[in-house]
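**Q** Right, I'll just put the structure down here and ask away after.
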Amino acid sequence: MGSSVVLATAGYDHTIRFWEATSGICYRTLQYADSQVNKLDITADKTLIAAAGNPHIRLYEVNSNNPQPIISYDGHTSNVTSVGFQKDGKWMYTGSEDGTVKIWDLRAPGCQREYESRAAVNTVVLHPNQGELISGDQHGNIRVWDLTANACSCELVPEVGTAVRSLTVAMDGSLVVAANNSGTCYVWRALRGSYLTTHFEPLHKLRAHQGYVLKCMLSPDVRQLATTSSDKTVKLWNLDGFTLDRTLAGHQRWVWDCVFSVDAAYLVTASSDCTARLWDLSTGDAIRVYSGHHKATTTCALNDSAIEGRDDG
């Protein structure tokens, strides 16, 4: 991984920690006094990091010693389970257990748009086309929110009543994967219909884990799918045939989150065992353990793209 790497973790000890990826040294700790931190995301230009808690979202400067958030977003009424940025950093999206998906303009106060899911939202992802948000909720519904039409354009229910825990969209827009509480991943081909409207063609049903799948993530090169689970493992699946490439074992408790390096050679994971780990995917070894959190580590964020402000570097 290159020198300009931003790696951060957070969780239930009310802190956000920044790490030197290669040495494993924590060089900055932010206090998040209000609640646990559920999710982190870093802007493409590596200047800002968003921390989603209960029920607030706080925005901090990455390259700064300022311990205070520069902006706070208050509009959700329950746990914020998802946060992410539009690729140019113009707006941020969030999903919450209050049943809503919200869009926030970073240049203006307040929430600009709100979509009602009618059930606790566990996961939200932005399609690479930047024109659709896809949400998954506690009742098992997946909804596509067309930002141009400002409406729900598609609804999928892979398993009625089984919570959708995590969603991931391929960087080239070709695949969408949903992971649920029964350990199953549903894979769809995403077909481009009329302008900025995605159609879903069922491709595969993957029995990934015996326990919950807590996070699924497609690799940047769209060759592998990573799944993290309550069974303490991370699995890497080959998208050519959906065979198991490798199981990453080492975490002692639930593995909540994962993120690939931009070249898909490494994976960072976060676990209830209070650690995050850096895995070399060519060997399956954990080559670095990030230790410092005092309670469950539930989220990790990584931006190691070589070209500032570009997500394809």
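**Q** Residue separation times 0.36 nm, minus the C-alpha to C-alpha distance between R223 and S78: what's the value?
**A** 48.6 nm
**Q** Can you pull the percent of Cα pairs in the range 1-154 with separation above 22 Å?
**A** In whole percent, the long-distance tail amounts to 40.
**Q** Just to be sure I understand: with springs between alpha-carbon atoms less than 10 Å apart, which residue in V121, V268, V222 has the highest mean-square fluctuation in the Gaussian network model of the chain?
**A** Result for the chain, Cα springs under 10 Å: V222 fluctuates most.
**Q** Would you please give the residues with an amide H less than 5 Å from that of H204, counting only those at least 5 places away or on a separate chain, with H modeled from the backbone geometry?
**A** Under 5 Å from the amide H of H204: V187.
**Q** Ok, one more. What per residue convex hull volume, in Å³, comes out for the range 37-115 when only alpha-carbon positions are used?
**A** Roughly 77 Å³ of hull volume per residue.
**Q** Along the charge dipole of the chain, which of A301, N150, F242 sits closest to the positive end, that is, farthest toward it, with unit charges on the beta carbon of Lys, Arg, Asp and Glu (+1, +1, -1, -1)?
**A** So the residue furthest toward the plus end is F242.
**Q** Too long at a 23 Å Cα-Cα cut-off: which of K102/K232; K90/K215; K46/K90; K39/K295; K102/K215?
**A** K102/K232; K90/K215
**Q** How many percent of the alpha carbon pairs in the range 1-65 exceed a separation of 14 Å?
**A** Every Cα pair in the range 1-65 considered, those over 14 Å come to 54 percent.
**Q** So if I place +1 on the C-beta of Lys and Arg and -1 on the C-beta of Asp and Glu, and nothing else carries charge, what would the dipole magnitude of the chain be about its Cα centre? I want it in debye, nearest 20.
**A** The calculated dipole for the chain is roughly 420 debye.
**Q** Under a point spin-label approximation (7 Å from Cα along Cα-to-Cβ), what is the T47-S4 distance to one decimal in nm?
**A** 1.3 nm
**Q** Skipping prolines and chain starts, which residues have an amide H placed within reach, meaning under 5 Å, of the one on L248, given they are 5 or more residues away or on another chain?
**A** When sequence neighbours closer than 5 places are left aside, the close amide H contacts are V234, K235, L236.
**Q** Here is a follow-up. GNM, the chain, Cα, under 10 Å: largest mean-square fluctuation among A149, A226, A296?
**A** Highest fluctuation among the options: A149.
**Q** Also, quick follow-up: Quick one: compute the contact order of the chain, relative version, from alpha carbon pairs under 8 angstrom and 6+ residues apart, as a percent.
**A** Answer for the chain is 14 percent.
**Q** Also, I was wondering about something else. Can you give the Rg to Rh ratio for the range 143-293, taking only C-alpha atoms and Rh from Kirkwood?
**A** Here the Rg-to-Rh quotient is 0.99.
**Q** Now for a different question. Apply the Karplus parameterisation 6.51 cos²θ - 1.76 cosθ + 1.60, with θ equal to phi minus 60°, to every residue of the range 54-68 and state each ³J(HN,Hα) to the nearest whole Hz, in sequence, with x for glycine and proline.
**A** 9, x, 9, 10, 10, 10, 10, 7, 6, 9, 7, 9, 5, x, 9
**Q** Here's a follow-up. Hey, can you grab everything whose amide H is under 5 Å from the amide H of T298? Only 5+ residues off in sequence or another chain; H modelled, so Pro and N-termini drop out.
**A** Close amide H contacts, sequence-distant or interchain: A10, G11, Y12.
**Q** Can you tell me the Rg and the Dmax, both Å, for the Cα atoms in the range 128-225?
**A** Both quantities, over Cα of the range 128-225: 12.9, 39 Å.
**Q** What are the radius of gyration and Dmax of the range 218-313, computed over its Cα atoms and given in Å?
**A** Gyration radius and largest Cα-Cα distance of the range 218-313: 13.2, 40 Å.
**Q** Which order do the peptides 204-212, 89-97 take when ranked by the mean count of other beta-carbon atoms within 10 Å per residue, highest first?
**A** 89-97, 204-212
**Q** In addition: If you count, for each residue, the other Cβ atoms within 10 Å and average over each peptide, how do 258-265, 227-234 line up from highest to lowest?
**A** Put in order of decreasing packing, that is 227-234, 258-265.
**Q** Here's something else I'd like to know. Given contacts defined as C-alpha pairs under 8 Å and at least six residues apart, what's the relative contact order of the range 37-133, whole-number percent?
**A** Result for the range 37-133 is 20 percent.
No value in this document is a laboratory result; all are computed from the given coordinates. What you see is a predicted model; the values in this text were computed from it and never measured. Cβ atoms come from the backbone with ideal geometry, glycine included; neighbour counts cover every protein chain shown.
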